1. Out of the strands (runs of 3 or more DSSP E) lying entirely within the range 59-125, which hold 3 or more residues that are free of Cβ contacts under 8 Å to residues at least 60 places away in the same chain, away from the ligand (no atom under 16 Å from the Cβ) and closer than 25 Å to Arg37 by Cβ?
2. Please indicate, with yes or no, whether at least one residue in the range 75-92 is among the hydrophobic types (A, V, I, L, M, F, W, C) and on the phi > 0 side of the Ramachandran plot.
Amino acid sequence: MGRARKSKTSKRDKYASFDMADEAEEDADLPKDEAGRRKIKRQYAELLGIRIEKLRGRILNRERINKTIEGIYFICGGCMKVCHSLDDGLEEDPNNVNNLCGACAKQKAQAAAAAAREASAPARAPSRKRAAAS
Ligand SMILES: [Zn+2]
């Protein structure tokens, strides 16, 4: 009783862990890291196929990564790609119809800002230099 368990395999595992291929394979099974999430995103895309168009902008799945972080798989309403909130960013739509990835949210914000600028600026024809004024 209370004797430390001698294990030959643990020694072996130690050496085996030096094998990078083994580690990569292990990682692939963990959806908690980026490589695993990329795999899941690809699976979602394959699984959904053409339906991805109907589901664009919707959240596919939420998962707790730890106590404070929630990971969200969703289809971006802009680029229609399967995204993950941690990898691609997420601007969540409270109505769950137009969730956007970070890049598209930024684009949309810029477009909105440009539109607002245009709307607030006095309507003016694009100033063109008069040709051959001299
Ligand atoms: Zn996007």
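The values are calculated or read from the model by the stated rules, or taken from the named source; none is laboratory data. What you are looking at is a predicted structure, and each value in this text was computed from that prediction instead of being measured. Quick reminder, even Gly has a Cβ in these numbers, built from the backbone with ideal geometry, and neighbours come from all protein chains shown.
1. Details: elements: 59-64, 70-75, 82-84.
Once the strands (runs of 3 or more DSSP E) in the range 59-125 are filtered for at least 3 residues that are free of Cβ contacts under 8 Å to residues at least 60 places away in the same chain, away from the ligand (no atom under 16 Å from the Cβ) and closer than 25 Å to Arg37 by Cβ, what remains is 59-64.
2. Let us first name the residues in the range 75-92 that are among the hydrophobic types (A, V, I, L, M, F, W, C), namely 75-76, 79-80, 82-83, 86, 90.
The next check asks that each one be on the phi > 0 side of the Ramachandran plot; those that pass are 80.
Scanning the range 75-92 turns up at least one residue that is among the hydrophobic types (A, V, I, L, M, F, W, C) and on the phi > 0 side of the Ramachandran plot.
Residue-wise test of (1) closer than 18 Å to Leu100 by Cα; (2) assigned to a helix (DSSP H, G or I); (3) modelled with pLDDT of 55 or more.
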residue	(1), (2), (3)
Ala4	no, no, yes
Lys11	no, yes, no
Glu23	no, yes, no
Glu53	yes, yes, yes
